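Engineer: So that we are looking at the same thing, I have put the structure below in structure tokens.
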Amino acid sequence: MPNNTVTIIDNRNNKKYEFDILDASVGPSVVDIATFYKKTGMFTYDEGYTSTASCKSTITYIDGEAGKLMYRGYDISYMAKEKNFLDTAFLLLNGELPDPDQQECFKVEMNKRAFVHEGIRKLYDSFPDHAHPMGILSAGVSALSTIYHKHLEVHTKEEYREMAHRIVAKIPTLAAMSYRYSKGLPIIYPDISKGFTENFLYMMRAYPHKYVELKEIEIKALDTIFTLHADHEQNASTTAVRNLASTIAHPYAAISAGIGALWGRSHGGANESVIRQLEMIGTVDRVDEFIARAKDKKDPFKLMGFGHRVYKNFDPRATILKEIRNELMDELGISNELVAVANKIEHIALNDEYFVSRGLYPNIDFYSGLILRALKIPKEMFAVIFVIGRTPGWIAQWNELRQQKTIKIARPRQLYMGETDRTPK
């Protein structure tokens, strides 16, 4: 019997079925069950795909047990501390870090492509006041497909490069416009003299003919958040992007799908939920009450910002953001009740056996929400910030699937539990 196979025995009839084992370059091997139904007449059942590999990928690797995350083989700590977001975007899109010339060209191209078609403003004008920025942003990305309708088909490397650079460059502009339209504020155009992350903060904060001060620590903090969110294996939004790509949908439709998936409170909206919960707790003297509720199995209350679906150890992104948060708070002199509440919850969770034994460590959402609040970014923009960071990863994942020799449309099966035949005879 071959060593590189798994044998499954159906104990009902003692039939044996063999399936190949595929080894990864690092991490768990997988069992190739593509022929499972053909051989056995059954489907596999894996709710939430917790044990299912849906694709082969060379982009991002996570070791949840060790608390490790890599982009194209580079450790996340190295990328966050030694590189910037544009370096990360280039790496994800092209497979290699840029050399100095490529780095400068990429930066210049991002600045030039940051402007959006004036027709987008007419679309944005049609949205009601106080519309959620995520809804506006999603519509804006979809609208790009109508403006660049002659470039929806991507076949060559040059077409891919142009499409990818266009979307990455325009997303921050569309995001800032989404926020300002939702608040009835005047639109601020990109400033080509500013860097990628600085430009976004400028478009968020500035007013016509008025100087706006942007501190280096603020730019660094937001750039780090973008970097840490750039990709994260096959999460819900990335899976949505890949599923659309499997239908041969154009990239603008796929990115819009990713935005829709990311909007969910359990995904990109999680850091907003953290802040809302801290605001609900309100004061330090109420923390113990809510910690007790979190431990009570009969209480539906759930402490937001702790634990992770993949990481069973400390989230490596959270470790980096904790350092940034402390540096930001110290340099900006931020000290308020909300920070005090968060600090007490964090201290308890890191030392309480209940949380430690369950691997419920603070995750990236716990720290990113506090950082974004310190940057004066409103809660409704938290998921939008996530979109800006995640866009290069989505595009890289879309392209990876499209580069496969054969593409099968995503089509999960089901375990039907409904009525059998209710048709009148």
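Engineer: Cβ-Cβ distance below 9 Å, separation of 6 or more or different chains: which pairs start in segment 336-349 with a residue that is in the same structural domain as L303 (by TED's automatic domain parsing) and in a helix (DSSP H, G or I) and end on one that is surrounded by fewer than 14 Cβ atoms within 10 Å (Cβ to Cβ) and of a type outside the set (V, I, T)?
Structural biologist: E337/G282; L338/E279; L338/G282; V341/E279; V341/G282; V341/R286; K344/D288; I348/D288
Engineer: Out of (1) in a helix (DSSP H, G or I); (2) on the phi > 0 side of the Ramachandran plot, what's the single condition that is false for T197?
Structural biologist: Single failed check for T197: (2).
Engineer: OK, next. I'm trying to understand the selection: among the residues of segment 60-74, which are among the charged types (D, E, K, R) and buried (at least 18 other Cβ atoms within 10 Å of the Cβ)?
Structural biologist: Residues of segment 60-74 that are among the charged types (D, E, K, R), as a first pass: 63, 65, 68, 72.
Residue satisfying the conditions is R72 alone.
Engineer: Provide a single number: the residues in segment 227-250 that are over 9 Å from the mean Cα position of the chain (by Cα), over 15 Å from I385 (Cβ atoms) and among the β-branched types (V, I, T).
Structural biologist: 4
Engineer: Out of G282, G269, G258, G264, I need the residue that is surrounded by 23 or more Cβ atoms within 10 Å (Cβ to Cβ) and either farther than 20 Å from K170 by Cβ or touching a residue at least 12 places away in the same chain (Cβ under 8 Å) (or both). Which one?
Structural biologist: G258
Engineer: Among the listed residues I371, I377, which satisfies the condition of being under 25 Å from the mean Cα position of the chain (by Cα), part of a helix (DSSP H, G or I), at pLDDT 90 or above and of a type in the set (A, V, I, L, M, F, W, C)?
Structural biologist: Only one candidate passes the filter, namely I371.
Engineer: Which condition from (1) in contact with an Asp or Glu (Cβ under 6 Å, 6 or more places away or on another chain); (2) among the aliphatic types (A, V, I, L, M); (3) modelled with pLDDT of 90 or more is the one that A270 breaks?
Structural biologist: For A270, the failing item is (3).
Engineer: So if I check each of I225, I219, I192, which one is modelled with pLDDT under 95 and farther than 18 Å from I395 by Cα?
Structural biologist: Working: I225 fails: modelled with pLDDT under 95; I219 fails: modelled with pLDDT under 95.
That would be I192, the only listed residue that is modelled with pLDDT under 95 and farther than 18 Å from I395 by Cα.
Engineer: Condition check: outside any helix (DSSP H, G or I), surrounded by 13 or more Cβ atoms within 10 Å (Cβ to Cβ), in contact (Cβ under 8 Å) with a residue 40 or more places away in the chain and of a type in the set (A, V, I, L, M, F, W, C). Does A131 satisfy that?
Structural biologist: So A131 passes the test.
Engineer: Output the residues belonging to segment 257-287 that are polar (S, T, N, Q), assigned to a loop (DSSP other than H, G, I, E, B) and within 24 Å of the chain's Cα centre (by Cα).
Structural biologist: S266, the sole residue that qualifies.
Engineer: Conditions: (1) surrounded by fewer than 19 Cβ atoms within 10 Å (Cβ to Cβ); (2) in contact (Cβ under 8 Å) with a residue 60 or more places away in the chain; (3) under 29 Å from F90 (Cα atoms). P251 meets all but one. Number of the miss?
Structural biologist: Single failed check for P251: (1).
Engineer: Quick one: S178 ticks every box in (1) among the polar types (S, T, N, Q); (2) within 30 Å of A342 (Cα to Cα); (3) surrounded by fewer than 24 Cβ atoms within 10 Å (Cβ to Cβ) except a single one, so which number is it?
Structural biologist: Only one criterion in (1) among the polar types (S, T, N, Q); (2) within 30 Å of A342 (Cα to Cα); (3) surrounded by fewer than 24 Cβ atoms within 10 Å (Cβ to Cβ) is unmet by S178, namely (3).
Engineer: Let me ask something additional. Please pick out the residue among H151, H165 that is out of contact with any Cys (no Cβ under 6 Å at 6 or more places or on another chain) and touching a residue at least 40 places away in the same chain (Cβ under 8 Å).
Structural biologist: Details: H151 fails: touching a residue at least 40 places away in the same chain (Cβ under 8 Å).
From the options H151, H165, the qualifying one is H165.
The values are calculated or read from the model by the stated rules, or taken from the named source; none is laboratory data. In this text, all values refer to a predicted model and were calculated from it rather than measured experimentally. Every residue, glycine among them, receives a Cβ derived from its backbone with ideal geometry; neighbour counts consider all protein chains shown.
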